[in-house]
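Written out below as structure tokens is the structure these notes cover.
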Protein chains: 2
Amino acid sequence: VPGPDLRHVVALKRDGHTLHEDEIRSLVLGYARGEVGTELAAAFLMAAYIRGLDPAETRALTDAMVRSGRTLSLEGISRPTVDKHSTGGVADGVTLVFAPVAASMGVGVAKLSGRGLGHTGGTLDKLESIPGLRTDLSPEEFERQVDRVGCAVAAQTADLVPADGALYALRDATATVPSVPLIAASVMSKKLAVETDLILLDVKVGSGAFMKTVEAAEELAGTCMELAKAWGRAAYAAVTDMSQPLGTAIGNALDIAETVAILRGEERGRVAELALTFAGEGLPGQSWPDDQTARSKAEHVLASGEALETFRRMVEAQGGDPRVVDDPQNVLPRAPVVEPVFARRSGTLVAVDAEAVGRASGALGAGRTTKEEAIDPAVGIVLRAKVGDRLDTGEPIGEVHARDDSAARAAADAVNAALAVRDDGVEPPPLVYGWRRA
Amino acid sequence: VPGPDLRHVVALKRDGHTLHEDEIRSLVLGYARGEVGTELAAAFLMAAYIRGLDPAETRALTDAMVRSGRTLSLEGISRPTVDKHSTGGVADGVTLVFAPVAASMGVGVAKLSGRGLGHTGGTLDKLESIPGLRTDLSPEEFERQVDRVGCAVAAQTADLVPADGALYALRDATATVPSVPLIAASVMSKKLAVETDLILLDVKVGSGAFMKTVEAAEELAGTCMELAKAWGRAAYAAVTDMSQPLGTAIGNALDIAETVAILRGEERGRVAELALTFAGEGLPGQSWPDDQTARSKAEHVLASGEALETFRRMVEAQGGDPRVVDDPQNVLPRAPVVEPVFARRSGTLVAVDAEAVGRASGALGAGRTTKEEAIDPAVGIVLRAKVGDRLDTGEPIGEVHARDDSAARAAADAVNAALAVRDDGVEPPPLVYGWRRA
């Protein structure tokens, strides 16, 4: 079916003009419906990348994407609802800790998620490493679980913002991914299509993130908050550090084991800290006695085991084996080869190429480079060394979980190659660079 | 077959960097071979359009295009050879007059041509309105005819610069046509692939041309001449006026009738003038007595009927009915409806929207908007009024040749709407704005 000829619209953006809302809508919805050719959509993305999109154009793009599919009003949920989204990082298990903590505080965490791609892990893939657990909940199942358990993490259905899937694949194919307005529209269209009372956005910055500078991350956070504001939605965005893997586990079952350890109070670190920071920033519809704060309440539900219990109920509600919270080692799949990683020189760890570590884990089978690829839930990397730590040659700093010895050796080499060790010390990077509010 | 991942090359151009020759070659040849995706090629064209291509990049693009297919050395032709190309205009029958004139002066005019597209006519379509005439000559037939008759106008074979056909279609689909380096590479790759002793380039400027300003046309002419120089090829480019239809006939059989009338000495005008100007500018391998010039020789072969005779032999050699030069009215196809066009107000004709007249002729069936469309050889428009002419209301200024009355009326309306008539006078535009040489 030949659609409208929108070459004149692309020519306007090509020449640096500002597009009208209806021009952007015609292009985006036309492409989503298959009426605008892939070539023209590709040319539009490149023109938009180079010439930029102003705030009104970015709103129009986001609006067209939201309109491309169904939206979820979440009216069946009696709790005040929260959505939490990360722009993608390495060893970023924050959602898995945040969701049961916040749910235990009384809110409903309604989290629809995409799959991991490239060097970043995906929350769905991590959860699915728990035997039996399914993430393909119907909208009705999803709402019921958020209402009853307090949290659900489910796969985005294809009818929610279909234009985003189509445009994201095209951006990936056309070297137009790292554009602030295009990323903001992609991220926020999916958040705006699910009508939670609060949106929490974690904009990652550093070697393991798409945004490599704090300035770029702050620009992205600001653009996303402007979009939330335009839709009348409450939202916070934190710009947080991804200059090294956030947690210790870079894999899938390994990440779940880390989550369980945090919820059991056996581990503490940057993942737990960031999850508590988000929960402590002020969730909707809550009130506390004078001697309590959101943060102290968050610490309390973690220390008391309430968050662990909520996680168990979430796993069980989604069909997973609930004993994962009691005996993760025996419930989760295990890789046949586990090889320790040793520091190869002494000194202070001054930097970690988080993207390289993510890729090394992906090469073991923990990630995918195309949407269709299957992943291996058992394999991955555990890296305990953090920037600022003092290392000694031969000291164990983690382990590789692999299918075979040669893959394990390659991953161990890649991990060491990703570490910069120097004689002089360095300050650990901050966890949060700053906040933006809608 | 997945080819090399060239997204990083497109990202470099996206960010305004200069590409290396081998990067451009990988992209262009990869796309021509189907190894580089259409999306990525589309994104590259838009990035190249916006960021531009410097002279070295333009040479590399042209070189990759030439290398995408076969080249013709024309070694079988004993005459010095000339190629003549126009960037496309309305009522531009110059090649049809130039070829027999120059051939009659002793050179070999070796003209491979594409089809007309959009509002501009195509020389092949015009010639094919002569009953029996074919333009699908083999390279051997083509060379033999140039050698023997002195001129041949044939269809470019698919194996000559195949990358150009692929890229041109993609430029058309992606709003990236009017870019000087992209046009120059497209035009010159086809000229460089055919090794004539001289390239004559007619860069059109004005309402009926792709280049709308003299500056843009001069830039294109200069870029084309730089390419010819880099290949060590002799070349002239003229920037010529297309602010009104060049000749009087805008169609196919109608253009052939105009050509025959010029060659028979019955008509003279801007088409004849421009053909003689090109022939008089100095053809290769010629010498004249002291009292003669190339121009006077060109005038002579036209006035003597030698050029008409050469045209007859060319038509005959290509299978066409040679009686077209004796009795064009009865040999050429005729439209069932011929309706005169009258001036609708008195005053001086100050401007003609040549593109609009071209589109009106196309709407009658004389042109095509997609490569696959069939054209009607008989239909078209004859417009005798030229800028600077004094018109009186009701005065006949041409006629419409159509399939039916309603199409004829619509075309007559469109022709009148394309005329700007004012009370004050205006100087006719020059025929040639200037020359560039390689």
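The values are calculated or read from the model by the stated rules, or taken from the named source; none is laboratory data. Treat the numbers as computed from the prediction; the structure is a model and nothing was measured. We place every Cβ from the backbone using ideal geometry, glycine too, and count neighbours over all the protein chains shown. What goes into the accessible areas is simple: the full protein's heavy atoms, side chains included, and nothing from ligands, DNA or RNA. Shrake-Rupley method; radii C 1.70, N 1.55, O 1.52, S 1.80 Å.
Go through A:Gly347, A:Gly358, A:Gly365 for me and flag whichever is in contact with a His (Cβ under 8 Å, 6 or more places away or on another chain) and small (Gly, Ala, Ser).
A:Gly358
Would you point out which residue out of B:Thr174, B:Thr196 is within 14 Å of another protein chain (Cβ to nearest Cβ) and open to solvent by less than 20 Å² (accessible area, probe 1.4 Å)?
One residue alone meets the criteria, B:Thr174.
Test B:Val350 against the criterion of being over 19 Å from the mean Cα position of the chain (by Cα) and in a loop (DSSP other than H, G, I, E, B), and give yes or no.
So B:Val350 fails the test.
Checking A:Ala103 against (1) crowded, with 24+ Cβ neighbours inside 10 Å; (2) closer than 30 Å to B:Thr176 by Cβ, which single condition isn't satisfied?
All conditions are met except number (2).
Does the range A:130-152 include one or more residues that are assigned to a helix (DSSP H, G or I), acidic (Asp, Glu) and under 29 Å from A:Glu219 (Cα atoms)?
Checking the range A:130-152: not a single residue is assigned to a helix (DSSP H, G or I), acidic (Asp, Glu) and under 29 Å from A:Glu219 (Cα atoms).
Return yes when A:Val90 is under 30 Å from A:Val325 (Cα atoms) and not hydroxyl-bearing (Ser, Thr, Tyr) and no when it is not.
Details: under 30 Å from A:Val325 (Cα atoms): yes; not hydroxyl-bearing (Ser, Thr, Tyr): yes.
Against the criterion (under 30 Å from A:Val325 (Cα atoms) and not hydroxyl-bearing (Ser, Thr, Tyr)), A:Val90 qualifies.
Only one of B:Val324, B:Val315, B:Val301, B:Val338 is over 30 Å from B:Glu427 (Cα atoms), of a type outside the set (S, T, N, Q) and touching a His at 6+ places or on another chain (Cβ under 7 Å); which?
One residue alone meets the criteria, B:Val338.
For the range A:373-384: of the residues being in contact with a strand residue (DSSP E or B) (Cβ under 7 Å, 6 or more places away or on another chain) and open to solvent by 10 Å² or more (accessible area, probe 1.4 Å), which is farthest from A:Ala166 (Cα to Cα)?
A:Arg384
Out of all the residues in the range B:211-249, which are open to solvent by 10 Å² or more (accessible area, probe 1.4 Å) and within 19 Å of B:Val415 (Cα to Cα)?
Within the range B:211-249, B:Ser243, B:Thr248 meet the criteria.
Given the criteria more than 14 Å from chain B (Cβ to nearest Cβ) and either open to solvent by 10 Å² or more (accessible area, probe 1.4 Å) or without any contact (Cβ under 8 Å) to a residue 40 or more places away in the chain (or both), does A:Ser189 qualify? If you could, list the steps in order and put the result at the bottom.
Numbers: more than 14 Å from chain B (Cβ to nearest Cβ): yes; either open to solvent by 10 Å² or more (accessible area, probe 1.4 Å) or without any contact (Cβ under 8 Å) to a residue 40 or more places away in the chain (or both): no.
So A:Ser189 fails the test.
Filter the range A:293-305 down to the residues that are touching a Ser or Thr at 6+ places or on another chain (Cβ under 7 Å) and either within 24 Å of A:Val90 (Cβ to Cβ) or open to solvent by 70 Å² or more (accessible area, probe 1.4 Å) (or both) and list them by number.
none
Would you check which residues across the range A:15-29 are within 14 Å of chain B (Cβ to nearest Cβ) and either within 27 Å of the chain's Cα centre (by Cα) or of a type outside the set (D, E, K, R) (or both) and list them?
Step one: of the range A:15-29, the residues within 14 Å of chain B (Cβ to nearest Cβ) are A:15-17, A:19, A:23, A:27.
Answer for the range A:15-29, where residues must be within 14 Å of chain B (Cβ to nearest Cβ) and either within 27 Å of the chain's Cα centre (by Cα) or of a type outside the set (D, E, K, R) (or both): A:Gly16, A:His17, A:Leu19, A:Leu27.
I'd like the residue in the range A:306-329 that is in a loop (DSSP other than H, G, I, E, B) and out of contact with any Pro (no Cβ under 8 Å at 6 or more places or on another chain) and, out of all such residues, is surrounded by the most Cβ atoms within 10 Å (Cβ to Cβ). Give the derivation first.
Filtering the range A:306-329 for residues in a loop (DSSP other than H, G, I, E, B) gives A:318-321, A:326-327.
Those left that are additionally out of contact with any Pro (no Cβ under 8 Å at 6 or more places or on another chain): A:318-319, A:326-327.
On the way: A:Gln318: 23, A:Gly319: 13, A:Asp326: 13, A:Asp327: 11.
Looking at residues that are in a loop (DSSP other than H, G, I, E, B) and out of contact with any Pro (no Cβ under 8 Å at 6 or more places or on another chain), I get A:Gln318.
Collect the residues in the range B:289-324 that are of a type in the set (Val, Ile, Thr) and in contact (Cβ under 8 Å) with a residue 60 or more places away in the chain, keeping them in residue-number order.
B:Val301, B:Thr310, B:Val315, B:Val324
Report yes if B:Gly394 is open to solvent by 30 Å² or more (accessible area, probe 1.4 Å), farther than 29 Å from B:Ala275 by Cα, more than 26 Å from the chain's Cα centre (by Cα) and in contact (Cβ under 8 Å) with a residue 12 or more places away in the chain, otherwise no.
Spelling it out, B:Gly394 is indeed open to solvent by 30 Å² or more (accessible area, probe 1.4 Å), farther than 29 Å from B:Ala275 by Cα, more than 26 Å from the chain's Cα centre (by Cα) and in contact (Cβ under 8 Å) with a residue 12 or more places away in the chain.
Would you tally the residues in the range B:397-420 being surrounded by 15 or more Cβ atoms within 10 Å (Cβ to Cβ), more than 23 Å from the chain's Cα centre (by Cα) and within 13 Å of B:Gln244 (Cβ to Cβ)?
Total meeting the criteria: 3.
Within the group B:Leu160, B:Leu201, B:Leu182, which residue is modelled with pLDDT of 95 or more, over 25 Å from B:Arg51 (Cα atoms) and not charged (D, E, K, R)?
Of B:Leu160, B:Leu201, B:Leu182, the one residue that is modelled with pLDDT of 95 or more, over 25 Å from B:Arg51 (Cα atoms) and not charged (D, E, K, R) is B:Leu201.
Can you pull out the residues in the range B:154-172 that are part of a helix (DSSP H, G or I) and either among the hydroxyl-bearing types (Ser, Thr, Tyr) or in contact with a Gly (Cβ under 6 Å, 6 or more places away or on another chain) (or both)?
Once the filter is applied, which keeps residues that are part of a helix (DSSP H, G or I) and either among the hydroxyl-bearing types (Ser, Thr, Tyr) or in contact with a Gly (Cβ under 6 Å, 6 or more places away or on another chain) (or both), the range B:154-172 yields B:Pro162, B:Tyr168.
Name the strands (runs of 3 or more DSSP E) wholly within the range B:370-438 that hold at least 2 residues that are aliphatic (A, V, I, L, M) and within 15 Å of B:Val357 (Cβ to Cβ)?
Per the criteria, B:380-383, B:396-402, B:419-422.
Within the range B:330-372, how many residues are farther than 30 Å from B:Gly388 by Cα and surrounded by fewer than 19 Cβ atoms within 10 Å (Cβ to Cβ)?
The total comes to 9.
Go through the range B:53-97 and count every residue that is assigned to a strand (DSSP E or B), open to solvent by less than 30 Å² (accessible area, probe 1.4 Å) and under 15 Å from B:Gln156 (Cβ atoms).
4
Evaluate the following for A:Ser287: is it modelled with pLDDT under 95 and crowded, with 19+ Cβ neighbours inside 10 Å?
Spelling it out, it is not the case that A:Ser287 is modelled with pLDDT under 95 and crowded, with 19+ Cβ neighbours inside 10 Å.
Inside the range A:30-52, can you point out the residues that are open to solvent by 30 Å² or more (accessible area, probe 1.4 Å), in a helix (DSSP H, G or I) and in contact (Cβ under 8 Å) with a residue 24 or more places away in the chain?
Correct list: A:Tyr31, A:Ala32, A:Thr38, A:Tyr49, A:Arg51.
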